[in-house]
Amino acid sequence: MNKRKPGIDRRQLLKGSLALGLASLLTPRGTWANDSPAVTLPFERGRRPLVAFPQKRPLMVMTTRPPQLETPFHIFNEDIFTPNDAFFVRWHLANIPREIDVNTFRLTIHGQVNQSLSLSLHELHTQFEQVEIAAVCQCSGNSRGFFQPRVPGGQWGNGAMGNANWKGIRLRDLLHRAGIEADAVQVRFDGLDLPVAPATADFRKSLALDDALQEEVLVAHSMNGEALPMLNGFPLRLVVPGWYATYWVKMLNDIEVLNQADQNFWTTHAYRLPANPCHCVNPGESLTDTVPMGKMPVRSFITNLEEGRTIPGGAPCTISGIAFDQGHGIDRVLVSVDGGQQWQSARLGKDYGDFSFRPWEAQFIPKPGHAYALQSLAINRIGESQRFSARWNPNGYLRNVVETVNIQAG
């Protein structure tokens, strides 16, 4: 595998709107202290300083090494597509390249193929069809901080997700160019990030061959019309619409076709779920059989009204938000203002594709002096909906409970 980290070519990066001091990639601009701007998430130890890293506006910092940055939730009310400089960041390994030479960078495809390939960025841009897809990228642990009882792992709020227009090359076009041998069963992906300690497993992820060959799976070089930000995987990242972001390998430089099931740590030990229909257990219950993390369940959020907000009574109030799922598409969204006792249909907004956020809105007239418990319930086109009670598993995955926003009418 090629994990070279040579010097940067400034002229080429300027063309990609990436002119910045990459030597300080992992160093936020400025410092912060206890009195710095911050957001306090509504769970224990929820204070998050707001810090601007290179190519990023101030985001909520969970860790700096490796970088884990959360999108402030109000961003999701501003545009259906999450701006690149506000897109969340999650790395597993702290040894991230600070420099990438776009002239010498190569994407290698090897293993159970008829011919190994070593492709330059220029070849990827000019020799293959360029396709674009709108898709949600959501961290597996998004909303983990709300689990009760608490579980270990990064204590994300609801902002470890984002929606973007991704552009690149179909993975299957690359695999077909290499030629897939008859005994191939999986495809494994590796990026340029490396462990700090020798004992730490390199971060690699695998997909079954059939999943890797789906037409929506891309090797992306752009998001929202611009080159990928460094912290979001420049120059290439795998885009697997409908699947959790653990499979969206960043700084992708190595694709290996396997003739047996991948046995690396990040497949056999990490990102595992209880092997039952709900992928959940009771707290304290022993966990025996597990299965790998996979696709995302249906979710929705209210984005324009925050917890504790006071709104004018007696006038129409708009409730708006977003919904998404693993790619079946959103069929309808129901809204309740009384904590789920009664429901009304929301109006769905523009459909940007089955893997994208789907906007929605509803209205009601609040009575002065009354309190309201707002909820949204999304249902996809095959009838799957959100849960009314939060599932629990020891790794804090798959939260898709109906969320509640409490407001007051003045």
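For region 280-320, a residue qualifies if it is closer than 27 Å to Pro359 by Cβ and among the small types (Gly, Ala, Ser), and the qualifying residues are Gly294, Ser300, Gly308, Gly313, Gly314, Ala315, Ser320. Taking the listed residues Trp166, Trp248, Trp243, the one that is farther than 22 Å from Val291 by Cα and aromatic (Phe, Trp, Tyr) is Trp166, with no other qualifying.
Picking from residues in region 183-231 that are open to solvent by 10 Å² or more (accessible area, probe 1.4 Å) and closer than 11 Å to Leu258 by Cα, the one that is nearest to the chain's Cα centre (by Cα) is Ser206. Here the condition is being in contact (Cβ under 8 Å) with a residue 24 or more places away in the chain and outside any strand (DSSP E or B); of Asn395, Asn406, it holds for Asn395 alone. Within region 261-274, the set of residues being in contact with an Asp or Glu (Cβ under 9 Å, 6 or more places away or on another chain) and either over 25 Å from Pro297 (Cβ atoms) or open to solvent by 20 Å² or more (accessible area, probe 1.4 Å) (or both) comprises Asn264, Phe265, Trp266, Thr268. Assessment of region 133-155 against the conditions (in contact (Cβ under 8 Å) with a residue 60 or more places away in the chain, within 18 Å of Leu192 (Cβ to Cβ) and of a type outside the set (D, E, K, R)) yields no matching residue.
Could you tell me whether region 332-351 includes any residue that is on the phi > 0 side of the Ramachandran plot, touching a Lys or Arg at 6+ places or on another chain (Cβ under 8 Å) and touching a residue at least 12 places away in the same chain (Cβ under 8 Å)? The answer is no, given that none of the residues of region 332-351 is on the phi > 0 side of the Ramachandran plot, touching a Lys or Arg at 6+ places or on another chain (Cβ under 8 Å) and touching a residue at least 12 places away in the same chain (Cβ under 8 Å). The condition (being closer than 22 Å to Arg170 by Cα and small (Gly, Ala, Ser)) is satisfied by just one residue among Ala245, Ala275: Ala245.
If you check Pro277 against the conditions, is it free of Cβ contacts under 8 Å to residues at least 24 places away in the same chain and either open to solvent by 50 Å² or more (accessible area, probe 1.4 Å) or of a type in the set (Ser, Thr, Tyr) (or both)? Answer is yes for this residue. Within region 249-283, being in a loop (DSSP other than H, G, I, E, B) and either under 18 Å from Leu209 (Cβ atoms) or hydroxyl-bearing (Ser, Thr, Tyr) (or both) holds for Val249, Asn259, Gln260, Ala261, Asp262, Gln263, Asn264, Tyr271. If you go through region 213-247 and keep only what is within 28 Å of Ser143 (Cβ to Cβ), among the aliphatic types (A, V, I, L, M) and outside any loop (DSSP other than H, G, I, E, B), you end up with Leu218, Ala220, Met223, Met230, Leu231, Leu238, Val239, Ala245. Does region 203-240 hold any residues that are within 17 Å of Asp193 (Cα to Cα) and among the hydroxyl-bearing types (Ser, Thr, Tyr), and which are they? Selection gives Ser206 alone.
Might you check whether a residue that is in a loop (DSSP other than H, G, I, E, B), modelled with pLDDT under 90, surrounded by fewer than 18 Cβ atoms within 10 Å (Cβ to Cβ) and in contact with a strand residue (DSSP E or B) (Cβ under 9 Å, 6 or more places away or on another chain) occurs anywhere in region 39-58?
No, region 39-58 contains no residue that is in a loop (DSSP other than H, G, I, E, B), modelled with pLDDT under 90, surrounded by fewer than 18 Cβ atoms within 10 Å (Cβ to Cβ) and in contact with a strand residue (DSSP E or B) (Cβ under 9 Å, 6 or more places away or on another chain).
Restricting attention to region 130-140, does a residue exist that is among the hydroxyl-bearing types (Ser, Thr, Tyr) and surrounded by 19 or more Cβ atoms within 10 Å (Cβ to Cβ)? Looking for residues that are among the hydroxyl-bearing types (Ser, Thr, Tyr) and surrounded by 19 or more Cβ atoms within 10 Å (Cβ to Cβ), one finds at least one in region 130-140, hence yes. For the residues Asp190, Asp183, the requirement of being in contact with a strand residue (DSSP E or B) (Cβ under 6 Å, 6 or more places away or on another chain) and not in a helix (DSSP H, G or I) singles out Asp190. As a summary of the residue check, Ile322 satisfies the conditions (1) part of a loop (DSSP other than H, G, I, E, B); (2) in contact with a Phe, Trp or Tyr (Cβ under 8 Å, 6 or more places away or on another chain) except for the one numbered (1). On the stretch given as region 86-128, residues that are in a loop (DSSP other than H, G, I, E, B), polar (S, T, N, Q) and either farther than 28 Å from Gly179 by Cβ or open to solvent by less than 60 Å² (accessible area, probe 1.4 Å) (or both) total 2. Within the span defined as region 344-359, one or more residues are in contact with a strand residue (DSSP E or B) (Cβ under 9 Å, 6 or more places away or on another chain), surrounded by fewer than 20 Cβ atoms within 10 Å (Cβ to Cβ) and within 30 Å of Leu121 (Cβ to Cβ).
Which of the residues belonging to region 173-196 are more than 13 Å from Val113 (Cβ to Cβ) and of a type in the set (D, E, K, R)? Matches in region 173-196: Asp173, Asp190, Asp193.
The values are calculated or read from the model by the stated rules, or taken from the named source; none is laboratory data. Given the structure is predicted, the values throughout are model-derived calculations rather than measurements. Note that we place each Cβ from the backbone using ideal geometry, even for glycine, and neighbour counts take in every protein chain shown. Accessible surface areas use protein heavy atoms only, side chains included; no ligands, DNA or RNA. Shrake-Rupley method; radii C 1.70, N 1.55, O 1.52, S 1.80 Å.
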